[in-house]
Amino acid sequence: MTGLVRVVALPVVSLVLVVGVLAVQLLNGGGTYEPLRPPDACAERPVTSRADGIDGLAERLVLLAVADAACTLGVSREALTLELAQRAEVSDSEVAALRDGLLAAVRQMTDDGSLPPASALVDEALDQAELNGVLEFAIRALPDSLIDSALTTDDVLIRTIEQLDVRSLLADLDSPAELDRQVEAAITEAVKDALLDRLRNLL
Amino acid sequence: MHRAAGPLLAVTVALVLADSAVVTLALPDILRELDTSVGQVAWVLISFNLVLALGAVPAARLLARGRAAGGSAVGIALFAGASAWCAVAGSIDVLIAARCLQAVGGALAVVGCLELLVRSYGERRGVAVWATAGVVGTATGPFAGGLMTELISWQSIFVVQVPFALLAVPAALAVRAVVPVVVGAEQEPGPESGPAPRPAPDEVAPDRPDVRPNITLALLSAALTAALFLLVLLLVEGWSRSPGIAALTVSVVPIAAIAAGPLARLLQPSEQVEVAVGCFLIAGGLVGLAIPPSSDLAWTIAPQGLVGLGLGLTVDRLTARAVQLRRPRAEHAGWTIGARHVGVVVGLAVLTPVFTADLQDAQVPAQEAITALVLDAPLQPEDKVAVAQALGGALAGEQGQVPDLGPAFARVVVEPAERPALDRLERDLDDQLERAATRAFRDSFLAGAGFALLALLVVLVPRRRRTT
């Protein structure tokens, strides 16, 4: 073996091996095998739910609201979710952003027609509410058109959001029963207020 | 006994140098069983390497007064006793103390074995056998330790060393009985050569340590620490593979190291070219380990092959160059062992904080990725809440470590129709954790590659011409 070959052969072989290995890895995505990056909270994204009725509506509202609040606060939806879940104290700006986010979510769903009519939610609401049997029967007997003319979903939701104490709600995230109690109380108040306003308008 | 002495002494050298990294794959088990912290358990590795680094030259000086066989025998016996003590250690403090004692015995054993191997095989072959045993030990340590941990227990790593070491004690004494040699001799005694007139030690002017190969060895040891230590941690902690699977995976390194010999013989490079290429291959392999396209073990094979080839081309060459024909031989062996293990300690000292900090930093993107997947999962809202609550506990309880999400998912009860979606979510979340862990190890592997490139620089810097 000549002197030149002795000097060059092994370096050339090693260069081919190293470049070959690194090229194969890079061509197969090497260097980009990293955790998923959260998308921009301000970018529009489809929000769906596997649940129907009130649960599905609530899930979509919350997801839209958190994304809107995150956009307002300049963080990702995921970062805000973790922040709310892990921190005991929630700032005023976060509470305000969440409330605004919920209201914006209702407007968005109203605009895109994805809010169900009130009549579609009544039966489920009555199943969950502890009402007098006669009153429950009477409400179930009302025609859908009458319910929908008396109550609009967006109006009830906006009144509910205005009734809700968002800070207290966030403090009880680990307690589903307490959350239900607060939301139910807010919805009941909202429905009452909406019906009273409707009656006032009729009178 | 004399015929078996050489192989037994070579095995002893391999055992002692394997101990440098043999417990790497056992660290998670030790952490759990001895109920200690990550910081403390790292000292099981660091203490051994630090004491071996600091003790090698003093041990060599002790042996350089014609007490190679006796000193080696004492060192091997001490190593065996300390190994047994490691196996029965009931607390992390005791284990670290036993590891220090093991390193003291190991230092005496390794430098003494060099003298005895030279007596058995002659200068060139003796040094070559000693250096090769060291490379084999270094390369196979994590593999052997991982396999023992998986099949038996971490204690078995130490238990299995005892009989080998005990057999080597009479072997060391047998070499003394057959060939009385004055340390520092220039001639090459073979097994059949018998005693020959040699100059007394004080007649031979001591050679100065060869700085360049020792610095190169230190830097390469730091790089190899990155390759072996970090890779097994990534496999076990980051990618949740069992110690046995991790051990089998890293066995690529010793296999490739063995393949380096035939490659070098085929291409016949000069020594400097061989070492420079070895450094380059180790650097390239570490860059490859830093950028795997996925957590599939197959992606580690080729980069490990490069590291193994580099290891095979460099370490025994550099060791032989630092030791061969230098007097006192044992002291130069001590410098070499010291340099290598200082490199390991420096590697651990530099890389451990880098990857633990990166692992901490990886938590935020990992948690955000997990949150995104849970929020968008095709599950019923109440199931998402249940998953989120279970995961919250799992993530909070594993600060600085990669969490195991399996138990959290096992606690979530869903309708049978939801089970496929939940299983898919668990797989997706595990994938995100593996991505985060891989990303967290990237900078450390690249730092290891940096050590190898520094070693390459040391090799390539032209020698100063000596003026007479």
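Under a Cβ-only charge scheme (Lys and Arg +1, Asp and Glu -1), can you give me the dipole magnitude of segment B:1-185 about the Cα centre, in debye to the nearest 20?
On the way: 10 positive and 8 negative charges, 174 e Å.
Taking the Cα centre of segment B:1-185 as origin, the dipole is about 840 debye.
Less than 13 Å Cβ to Cβ from B:Phe48, Lys/Arg counted +1 and Asp/Glu -1: what total charge do the surrounding residues give? Display every interim value, and only then the final one.
Working: positive: B:Arg99, B:Arg340; negative: B:Asp19.
Residues near B:Phe48 contribute +1 overall.
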What FRET efficiency comes out for the pair A:Val24/A:Ala58, r = Cβ-Cβ distance, R0 = 45 Å, nearest 0.05?
-> 0.40
Rounded to a whole number, the mean other protein chain Cβ count within 10 angstrom for residues of B:280-286 is 4
Specify the residue with the greatest mean-square fluctuation among A:Gly56, A:Gly30, A:Gly101, computed from a Gaussian network of chain A linking alpha-carbon atoms under 10 Å apart.
-> A:Gly30
Report, in debye and to the nearest 20, how large the dipole of the protein assembly as shown comes out about its Cα centre when Lys and Arg carry +1 and Asp and Glu carry -1 on their Cβ.
-> 6100 debye
Over chain B, relative contact order from alpha-carbon pairs under 8 Å, at least 6 apart, % = 21 percent
Using a simple spin-label model with points 7 Å from Cα along the Cα→Cβ vector, what separation in nm is obtained for A:Leu131 and A:Glu44?
-> 3.7 nm
For a paramagnetic label modelled at 7 Å from the Cα of B:Asp376 toward its Cβ, which residues of segment A:34-63 fall within the zone defined by backbone nitrogen distances under 19 Å?
-> A:34-51, A:59-63
Output field shielding_mean for A:24-31 (other chain Cβ, 10 Å radius) holds 6
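Order the peptides B:216-226, A:120-130 from the highest to the lowest mean number of other Cβ atoms within 10 Å of their residues.
Taking the mean over residues of other Cβ atoms within 10 Å, the ranking is B:216-226, A:120-130.
Under the definition of Cα pairs under 8 Å and six or more residues apart, what whole-number percent is the relative contact order of segment B:363-440?
Values: 51 pairs, mean separation 32.6, N = 78.
42 percent.
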Compute the signed sum of charges (Lys and Arg +1, Asp and Glu -1) over the other residues within less than 13 Å, Cβ to Cβ, of B:Arg411.
-> -3
In which sequence would B:Val11, A:Val90 go, from the one with the fewest C-beta neighbours within 10 Å to the one with the most?
-> A:Val90, B:Val11
HN-Hα J in Hz across segment B:314-323 - Karplus 6.51, -1.76, 1.60, θ = phi - 60°, x for Gly and Pro = 10, 4, 6, 4, 5, 4, 4, 5, 6, 10
The ³J(HN,Hα) series, computed from each phi in segment B:421-435 with the Karplus coefficients 6.51, -1.76 and 1.60 at θ = phi - 60°, rounded to the nearest Hz and given as x for glycine or proline, is 5, 5, 5, 5, 5, 4, 4, 5, 5, 4, 4, 5, 5, 5, 5
So for chain B, taking the charge dipole from beta-carbon charges (+1 Lys/Arg, -1 Asp/Glu), which of B:Ile152, B:Ala26, B:Phe48 sits furthest toward the positive end?
-> B:Phe48
Expressed in angstrom and ordered largest first, the alpha-carbon extents of segment B:1-185 along the principal axes are 50, 30, 23
What list of ³J(HN,Hα) couplings, whole Hz, do you get for segment B:238-253 from phi and the Karplus terms 6.51, -1.76, 1.60, once you set θ to phi - 60° and write x for glycine and proline?
-> x, 9, 6, 8, 6, x, x, 5, 4, 5, 4, 5, 6, 5, 4, 4
By how many nm would the segment from B:Leu457 to B:Ser270 lengthen if fully extended, with 0.36 nm per residue of separation less the alpha-carbon distance?
-> 65.6 nm
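What value does chain B have for Rg/Rh, both radii from Cα atoms and Rh as Kirkwood defines it?
Details: Rg = 24.4 Å, Rh = 23.3 Å.
My calculation of the ratio gives 1.05.
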Going 7 Å from the Cα of A:Lys192 in the Cα-to-Cβ direction, what parts of segment A:157-171 have a backbone nitrogen less than 18 Å from that spot?
-> A:157-165
For chain A, find the longest principal axis of its Cα atoms and tell me its angle to the long axis of helix A:176-202, 0 to 90°, nearest 10.
-> 50 degrees
Where does helix B:68-88 land angle-wise versus the long Cα axis of chain B, in degrees 0 to 90, nearest 10?
-> 20 degrees
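Can you give the extra length, in nm with one decimal, that the chain gains between B:Asp404 and B:Gln360 once fully stretched, where that is 0.36 nm per residue apart less the Cα-Cα distance?
Details: separation 44, 0.36 × 44 = 15.84 nm, distance 1.57 nm.
Contour length minus Cα-Cα distance gives 14.3 nm.
Charges only on Cβ, +1 for Lys and Arg, -1 for Asp and Glu: so what's the dipole of chain B about the Cα centre, in debye to the nearest 20? Please report the intermediate quantities before stating the final value.
Details: 33 positive and 38 negative charges, 528 e Å.
The dipole magnitude comes to about 2540 debye.
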Could you state the number of Å between the C-alpha centres of segment B:327-341 and segment B:58-129?
-> 13 Å
If you build a Gaussian network model of chain A, linking Cα atoms that sit under 10 Å apart, which residue out of A:Leu157, A:Leu98, A:Leu146 swings the most?
-> A:Leu146
Would you work out the relative contact order for segment A:53-202, in percent, from Cα pairs under 8 angstrom that are 6 or more residues apart?
-> 24 percent
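Once fully extended, how much extra length lies between A:Asp100 and A:Asp165, figured as 0.36 nm per residue of separation less the alpha-carbon to alpha-carbon distance? Please report the intermediate quantities before stating the final value.
On the way: separation 65, 0.36 × 65 = 23.40 nm, distance 1.29 nm.
Roughly 22.1 nm would be gained on extension.
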Give me the angle, in degrees from 0 to 90, between the Cα long axis of helix B:38-63 and the longest principal axis of the Cα atoms of chain B, rounded to the nearest 10.
-> 0 degrees
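Could you sort A:9-20, A:175-186 so that the peptide with the highest average Cβ count within 10 Å comes first and the rest follow in order? All intermediate terms of the calculation are to be shown ahead of the outcome.
On the way: A:9-20: 17.0, A:175-186: 13.8.
Listed from highest to lowest mean packing, they are A:9-20, A:175-186.
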Most positive-pole-ward Cα, B:Ala408, B:Ala377, B:Ala394, against dipole of segment B:363-440 from beta carbon charges | B:Ala394
Computed D for segment A:53-202, Stokes-Einstein, Kirkwood radius over alpha-carbon pairs, 20 °C, 1.002 mPa s, to the nearest µm² per second, is 130 µm²/s
Sticking with the crude label model, points 7 Å out along Cα→Cβ, report the distance from A:Leu199 to B:Arg124 in nm, one decimal please.
-> 11.1 nm
Hey, rough spin-label estimate for B:Val38 and B:Ser156, points 7 angstrom out along Cα→Cβ, what's it come to in nanometres?
-> 2.8 nm
Sequence of A:Leu151, B:Leu266, B:Leu234 once ranked by neighbouring C-beta atoms within 10 Å, starting from the fewest = B:Leu266, A:Leu151, B:Leu234
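All of the numbers you see were taken from the coordinates with simple rules; none came from a lab. Not measured: the values here are computed from a predicted model. With ideal geometry, Cβ positions are generated from the backbone for all residues, glycine too; neighbour counts draw on all protein chains shown.
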